[in-house]
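The structure appears right after this line, and notes come after that.
The values are calculated or read from the model by the stated rules, or taken from the named source; none is laboratory data. On a predicted model such as this, the values are computed, not experimentally measured, just so you know. No Cβ is skipped: glycine too gets one built from the backbone with ideal geometry, and neighbour counts run over all protein chains shown. These accessible areas exclude ligands, DNA and RNA; they are computed on the full protein's heavy atoms, side chains included. Shrake-Rupley method; radii C 1.70, N 1.55, O 1.52, S 1.80 Å.
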Amino acid sequence: MQILKRVGGWLWERLGLQRPWDFAGRHPVQPEQATRKGWMYVFGAATMTAFLLQVVTGVALATKYVPSPASAYESLIFINQEVWLGWFVRGMHYFGASAMVVFISVHVARVFLTGSYKYPREMNWIFGVMLLVLTMLMAATGQLLRWDQNGIWTVVVGSQLLGHVPLIGPRLTEFVLAGDAVGGATLSRFFAFHILILPALIFLTVGVHLYLVLHHGVSEPPEAGKPVDPETYKEWYDERAERGGYRYWPDAAWREVVTALAIIVGVMLLAYIFGPKGPDAPPDPTMIAADPRPDWYFRWYYALLAVKPQGWEPFFMVYLPLGALIAMFLLPFVAPKGERHPKRRPWAILIVVVVVTALGVLTELGMRAPWAMEFETVPLSPEVVGVAEGPVWTGAQLFHERGCQFCHVAAGQGGQYGPDLTDVTRRLPPEMIVTRTINGIGQMPAYRDMITRDEMDAILAFLRSLEAPR
Ligand code: HEC
């Protein structure tokens with residue numbers, strides 16, 4: 001005991017820990033942080049906990065995962081079935097990701113509602129918005145690493161949508177795919193972003209964010225009729241904290257510790273009960289996923305893209321997200337002072353209510369009827385096709401097998417996602433039909449590596465046969 005104390009004391013002094021400890025642990029806090037209202041401040045720590053869980057489980061997974069198209073899927077099956085506790089760690093990584101998305105969203109909403117982005121915390125908010133974006137990028141890149149039908153097709157369709165961005169659209173698609181179709185290079189690129197680049201950026205950004213939180217202190221709960229005045233705020237705030245006599249550790253920090261433990265236990269329980277997420281069907285570039293849906297936190301966006309009117313891609317793909325992001329970045333500069341209490345900022349409540357409702361409704365839509373695709377299609381019957389052999393018949397079968405029917409109506413059957421192809425041979429010359437299928441167009445995925453010349457000819461023969469009046 002005596003030895004431990006002496007070693008500890010020696011290290012404490014030699015490492016110069018007193019100053020960082022005073023700064024991070026022993027600073028005076030607002031009285032509310034140490035009382036029941038303190039619970040409203042735990043969501044940042046909750047997000048941090050989820051992130052650290054992701055780092056630990058992610059590093060563990062990276063030691064067993066093989067980021068190559070030939071082995072990625074197999075390696076996940078191996079982790080699920082053979083590696084000790086592999087299934088459990090994968091489950092934790094999935095539910096940890098969900099937790100991080102949930103907590104960062106609640107944290108942003110809380111900071112917005114209490115006007116905590118105002119003076120002097122404008123930069124806390126800016127770095128917070130960056131963290132929100134980085135978190136969503138982590139969630140997006142993680143999905144592809146499962147390298148199953150869902151993961152791959154989500155990226156295929158998503159990257160096609162990116163092509164709608166004016167001017168740089170095609171370049172963006174190429175950047176995301178690391179080429180012009182999903183393949184090994186895409187997987188490497190997503191892997192590098194998911195385990196190196198984005199985490200490094202998150203660590204840096206979190207570092208600045210936390211430093212700023214400590215430097216400016218947590219905002220006191222807003223009081224209606226007490227606007228922020230940059231002239232007097234800091235002095236008033238510091239004096240208020242000193243007067244309360246509470247220190248961050250342990251008066252306020254214990255709530256964050258309890259929250260962190262609850263999250264760790266919760267994520268473990270979810271992983272234990274529900275197990276890992278996927279991988280679902282093995283990737284097969286010649287088969288479209290029966291139901292290519294992204295993970296739940298992106299469903300709202302896919303639903304939005306499905307219900308949007310035709311031709312509105314640039315608006316929903318580019319201007320809406322970009323506009324929202326710019327608005328978030330500008331917010332603290334547009335309203336750096338004044339009232340913080342939501343009662344005096346009814347528009348803030350309105351925005352949160354509208355956004356939460358829209359996300360809820362769209363997520364629900366995305367869960368039930370994702371996109372306007374029709375996944376329940378069955379192959380056309382010989383009666384509809386007219387023959388039961390030959391290229392026309394083969395083409396009709398391929399039209400179903402290759403997934404065309406999910407998105408296109410032909411002979412009165414199929415999904416509404418793309419144009420009706422019943423009369424396409426009358427509208428377009430055959431070469432055009434082939435190039436559009438091979439290269440993709442708009443939200444139509446490129447079939448380049450997924451279809452052979454013979455198969456394409458058969459599909460063409462089938463489409464041509466529809467021209468004849470029946
Ligand atoms: C993910 C849904 C989806 C799948 C799967 C799909 N398409 Fe498409 N396709 C579309 C959409 C959306 C368009 C319209 C693109 C645009 O004009 O922006 C389209 C357009 C086309 C066009 C051009 C039609 C026209 O009137 O301009 C052809 C031809 C076509 N698809 C053929 C096929 C074939 C053949 C297959 C199967 C090998 C297929 N598509 C699979 C969504 C899909």
| farther than 30 Å from Tyr237 by Cβ, touching a residue at least 24 places away in the same chain (Cβ under 8 Å) and among the basic types (Lys, Arg): does that describe Arg121? | no
| field | Cross-chain or 6+ apart pairs with Cβ under 6 Å, segment 163-175 first and among the small types (Gly, Ala, Ser), then assigned to a helix (DSSP H, G or I) | value | Gly163/Gly169; Gly163/Pro170; Gly163/Thr173
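So, in segment 359-376, of the ones that are away from the ligand (no atom under 16 Å from the Cβ) and hydrophobic (A, V, I, L, M, F, W, C), which residue ends up modelled with the lowest pLDDT?
The residue in question is Met367.
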| remark: Only one of (1) open to solvent by 40 Å² or more (accessible area, probe 1.4 Å); (2) within 23 Å of Ile433 (Cα to Cα) does not apply to Val385, and that is (1)
| task | May I ask you to list the residues in segment 9-29 that are in a loop (DSSP other than H, G, I, E, B), modelled with pLDDT of 95 or more and open to solvent by less than 70 Å² (accessible area, probe 1.4 Å)? | result | Gly16, Leu17
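Conditions (1) within 30 Å of Pro227 (Cα to Cα); (2) within 16 Å of the ligand (Cβ to nearest atom); (3) in contact (Cβ under 8 Å) with a residue 40 or more places away in the chain; (4) touching a helix residue (DSSP H, G or I) at 6+ places or on another chain (Cβ under 6 Å), marked per residue:
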| position | (1), (2), (3), (4) |
| --- | --- |
| Gly311 | no, yes, no, no |
| Pro314 | no, yes, yes, no |
| Leu322 | no, no, no, no |
| Met328 | yes, no, yes, yes |
| Pro332 | yes, no, yes, yes |
| Lys337 | yes, no, yes, no |
| Arg340 | yes, no, yes, no |
| Leu350 | yes, no, no, no |
| Thr357 | yes, no, no, no |
| query | What helices (runs of 4 or more DSSP H), lying completely within segment 78-178, carry at least 3 residues that are more than 20 Å from the chain's Cα centre (by Cα) and modelled with pLDDT of 95 or more? | reply | 86-113, 122-145
| task | May I ask you to list the residues in segment 1-45 that are among the aliphatic types (A, V, I, L, M) and touching a strand residue (DSSP E or B) at 6+ places or on another chain (Cβ under 7 Å)? | result | Val29, Ala34
| task | Would you check which residues across segment 377-408 are within 9 Å of the ligand (Cβ to nearest atom) and not in a helix (DSSP H, G or I) and list them? | result | Arg402, Gly403, His408
| said: Just to be sure before I move on: is Ala241 in the same structural domain as Thr35 (by TED's automatic domain parsing) and open to solvent by 20 Å² or more (accessible area, probe 1.4 Å) in the structure I sent? | reply: no
| Inside segment 409-444, can you point out the residues that are within 6 Å of the ligand (Cβ to nearest atom) and open to solvent by 70 Å² or more (accessible area, probe 1.4 Å)? | Pro419, Arg427, Arg436, Ile441
| Hey, any hits in segment 54-65 for a residue that's part of a loop (DSSP other than H, G, I, E, B), touching a residue at least 24 places away in the same chain (Cβ under 8 Å) and out of contact with any His (no Cβ under 7 Å at 6 or more places or on another chain)? | yes
| field | Lone unmet requirement of (1) surrounded by fewer than 21 Cβ atoms within 10 Å (Cβ to Cβ); (2) in contact with a Phe, Trp or Tyr (Cβ under 7 Å, 6 or more places away or on another chain); (3) not in a loop (DSSP other than H, G, I, E, B) for Ala46 | value | (1)
